[in-house]
Amino acid sequence: MEIEREASQLVEYHNCIWSNIKCMFSKLMNSVVNGTKSIKKVGEDDPRRVIHSLKVGIALTLVSLLYYTRPIYDSFGTAGTWAVLTVVVVFEYTVGATLSKGINRCCATLVAGALGVGAQHLATLFGDRGEPIVLGILVFLIGTVASFTRFIPWIKARFDYGVLVFILTFSLVTISGYRVEKILVLAHQRISTIVIGGAACIVISICICPVWAGEELHNLLASNIDKLATYLQDFGSELYFQTISEEVSGCISKRNEQIFFTKYKGVLNTKSTEESLAIFARWEPGHGRFQLRFPWKQYLKIGTLVRQCAYQIDTLNTYIISLHDIQVPRRLQPEIEESCIKMSLESGMALKALASSIKTMSNPSLAIYHVENSKTAINELQIALGSNSIIIKNNEEVLPTLQAATIASILTEIVKCVEKISKSVDELSNLAKFKSSSTSTSHVEPTDQKLPITLSSSMLHRGTITPVLNMTTTSDHHNHVFITIDDPSSSSDKILSHHQQEPMTISPSTLEIIPLSVNQN
């Protein structure tokens with residue numbers, strides 16, 4: 001019995017070990033499969049990454065011949081490894097980045113090598129005892145001055161890597177020359193191999209499937225504008241407004257919520273990418289549609305305005321999601337709703353036209369037409385607020401009214417941002433000499449697009465909104481609309497305790513909410 005028990009325990013022990021081994025093997029296989037899929041996805045997303053890797057391999061193989069070929073090795077010796085090191089640190093994804101690093105490294109090495117040799121000869125004039133002291137002083141002075149120049153903005157932007165290589169090369173040549181007799185031979189070998197490595201990187205980067213930084217910046221800017229246009233068009237369509245006409249707020253569908261979250265987020269963090277691409281683009285020679293002295297700085301100006309517009313959209317999106325979270329009634333007066341939808345749709349179409357104009361490098365004439373339409377919607381909203389008398393039914397309708405004004409105010413700021421983007425793109429088209437567009441605003445027929453108006457017009461039924469049209473002031477707060485909320489019952493004190501029963505003013509020009517003095521009826 002004991003033998004059988006021990007045997008069964010041994011079998012169970014072996015089964016447990018075997019199951020653990022199978023579990024570990026299964027996890028390992030899953031990790032390998034997932035890793036393979038992720039690697040495959042990286043290559044499929046942009047096949048140029050695979051080509052870039054092959055180009056680096058070709059460059060490394062070519063410069064390795066300096067070390068493998070005996071006649072060349074006799075000329076350069078162990079300094080051939082500097083060519084390999086140069087390829088590793090210089091070869092970048094875009095042509096502009098490779099040119100920037102390659103030229104910086106070669107020029108910095110040449111200048112630093114010459115100064116190092118000169119410093120060595122100067123130090124020998126002070127004898128054996130004075131030579132290390134002079135070398136130390138020169139290394140200290142040159143290193144300090146060169147390091148400080150890295151803080152100068154224009155040097156840091158374009159020559160930071162070159163200054164770094166200059167400090168390194170000067171220090172190595174000066175220090176090694178103290179123990180090496182043939183300092184000229186050493187400097188010649190290192191400079192020659194570095195120049196060979198840099199030249200190999202530049203030639204291969206330009207001649208084999210080049211990736212231009214200027215073209216990358218061009219496509220990135222057009223893509224960012226297109227993302228904002230897609231968001232505004234989705235917002236202006238029935239995706240959002242068809243849900244806010246209900247008496248009780250419904251839930252925005254997950255599909256629509258994903259649209260609001262994902263269409264513009266990538267635009268907010270593109271500043272560093274755009275700046276680096278613009279710097280590298282200035283190093284590139286003329287190619288294709290992008291000639292020498294192309295106005296890359298104008299791309300940065302447009303990119304800044306696009307990000308400002310994206311932040312306004314982010315504010316709008318955050319506000320809408322907060323309304324969804326707190327589940328409050330979201331009814332808009334028909335006049336306000338129609339103007340908001342028109343502002344959103346026209347701004348989105350304007351941005352679409354601007355993105356297409358940048359992609360095709362044509363004049364943005366169609367965008368101007370849509371910008372004017374969005375500005376007309378703002379004027380219509382101001383007229384509606386300035387000429388209509390709206391009655392508030394109960395105090396619970398105050399909050400939706402303020403929410404409507406907030407949405408309209410944010411959309412107004414977005415329209416202003418779109419107008420600035422349109423002007424900057426038009427300036428770019430003049431500087432870059434974009435081709436004339438075949439579609440002119442004079443040939444554009446206004447589309448009779450029916451704007452969805454699905455909300456009840458009885459939003460406010462208690463109190464009055466009285467337009468003040470006889471004000472003669474020329475300040476920014478002219479043509480105000482006074483909203484007076486009546487409070488005959490004591491129960492309204494609880495409802496309006498948050499607002500402290502203050503009448504408010506809505507300015508049609510800016511749609512800002514301005515508290516006024518208390519005027520109880």
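See the values below:
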| item | result |
| --- | --- |
| Karplus (6.51, -1.76, 1.60) ³J(HN,Hα), θ = phi - 60°, over the range 226-237, in Hz, Gly and Pro reported as x | 5, 5, 5, 4, 4, 4, 5, 5, 5, 5, x, 7 |
| Heavy-atom accessible area ranking, 1.4 Å probe, most first, across I341, I279 | I279, I341 |
| Cα-based reach from K55 at 23 Å (exclusive), listing lysines while leaving out same-chain residues under 8 positions away | K40, K41, K101 |
| Those lysines that a straight Cα-Cα span of less than 25 Å connects to K22, excepting residues fewer than 8 apart in one chain | K37 |
| Entries in K297/K433; K297/K375; K359/K433; K352/K375; K301/K359 that, when Cα-Cα distance is taken, lie over 21 Å | K297/K375 |
| Table column - 3J(HN,Hα) (Hz), the range 348-362, Karplus curve with 6.51, -1.76, 1.60, x for Gly and Pro | x, 5, 5, 5, 4, 5, 5, 4, 5, 5, 5, 4, 8, 6, 10 |
| Peptides 356-364, 25-33, 192-200 ordered by average Cβ neighbours within 10 Å, highest first | 192-200, 356-364, 25-33 |
| For the range 196-210, Karplus couplings with θ = phi - 60° (6.51, -1.76, 1.60), whole Hz, Gly/Pro x | 5, x, x, 5, 4, 4, 5, 5, 5, 5, 7, 7, 10, 6, x |
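The values are calculated or read from the model by the stated rules, or taken from the named source; none is laboratory data. Just so we're clear, the structure is a prediction, and the values are computed from it rather than from any experiment. Cβ: placed from backbone, ideal geometry, glycine included. Neighbour counts: every protein chain shown. Calculation scope for accessible area: heavy atoms of the full protein, side chains included, ligands and nucleic acids excluded. Shrake-Rupley method; radii C 1.70, N 1.55, O 1.52, S 1.80 Å.
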